[in-house]
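The values are calculated or read from the model by the stated rules, or taken from the named source; none is laboratory data. The model shown is predicted, which means the values in this text are computed figures rather than measured ones. Cβ sites come from the backbone with ideal geometry, for glycine too, and all protein chains shown count toward neighbours. Remember, those area values only see protein heavy atoms, side chains included, never the ligands or the DNA or RNA. Shrake-Rupley method; radii C 1.70, N 1.55, O 1.52, S 1.80 Å.
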Amino acid sequence: MIAAPAGLPVLKTARLRLRPLEAADAEALHPTLSDPVSMTWWSHPPMESLAETRAHLERNAATPDWRNWVFARREGGPAIGFVAVGEKRNGACELGYMIAREHRGSGLAHEAVSAVLDQLFASEGRRRVFADTDPDNMASRALLERLAFKLEGRLRAEWETHIGIRDSLIYGLLRDEWLDAPPR
């Protein structure tokens with residue numbers, strides 16, 4: 001059973017509702033987490049079964065250092081993606097996200113991640129958020145850059161993944177950079 005961290009707030013945007021991950025979300029997220037194209041840049045291969053997806057989500061939800069929001073259309077419906085935030089150091093968080101392939105290019109991932117960044121910086125007062133992405137994941141890099149993240153460095157041969165040894169690009173965003181940016 002997936003249990004949400006106490007106090008994980010529900011976030012709303014113009015088109016989305018972000019809420020804590022639930023056990024029932026495994027069915028909605030499985031098509032994405034089992035899709036070889038969607039999983040190309042992840043550190044693990046696509047999930048092979050719904051049971052594997054459910055177990056993976058349960059493990060992630062049970063890790064106290066990570067918070068997991070799923071997002072769906074504001075008017076309702078199944079989860080179409082998620083945003084995960086890992087507590088790394090006092091005031092610093094790591095960000096991860098995924099959106100179903102059929103919703104890519106719609107601006108929904110930008111909207112969901114923006115809502116979480118507002119929560120982290122404006123509501124919680126975090127000082128820094130960073131993301132770790134594969135250099136060849138151009139869609140993720142473009143999203144981070146649209147959100148005003150700065151490329152801070154490259155970690156060579158950082159990850160051993162299902163597609164081989166991969167470098168990692170680290171993007172960072174500071175609280176003042178987010179709060180002082182023009183309205184999104």
Size of the dipole of segment 86-151 about the Cα centre, Lys and Arg at +1 and Asp and Glu at -1 on the beta carbon, nothing else charged, in debye to 20? 220 debye
Please report the carbon-and-sulfur percent of the accessible area for segment 52-95; probe 1.4 Å, protein heavy atoms only, DNA, RNA and ligands left out. 47 percent
Computed ³J(HN,Hα) along segment 46-55: with the Karplus parameters 6.51/-1.76/1.60, θ = phi - 60°, integer Hz and x for glycine or proline, the list is x, 5, 8, 8, 4, 4, 5, 4, 4, 5
Per residue, in Å², the accessible surface of segment 1-139 once ligands and nucleic acids are set aside, probe 1.4 Å: 47 Å²
Are there GluC sites (Glu not before Pro) in segment 1-63 that DSSP marks as loop and that have at most 16 other Cβ atoms within 10 Å, and which are they? 48
Centroid-to-centroid separation of segment 1-70 and segment 141-184 [C-alpha atoms, Å]: 21 Å
Here the gain from full extension of residue 118 to residue 23, 0.36 nm per residue of separation minus their alpha-carbon distance, amounts to 31.6 nm
Options [x] 0.97; [y] 0.93; [z] 1.03 - which one matches Rg/Rh (Cα atoms, Kirkwood Rh) as calculated here: [y]
Could you compute how much accessible surface residue 82 exposes when probed at 1.4 Å, giving the result in Å² to the nearest 10? 30 Å²
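Taking all protein chains as present, what is the carbon and sulfur share of the accessible area of segment 138-184, in % to the nearest whole number, probe 1.4 Å?
Answer for segment 138-184 is 52 percent, counting heavy atoms of protein chains only.
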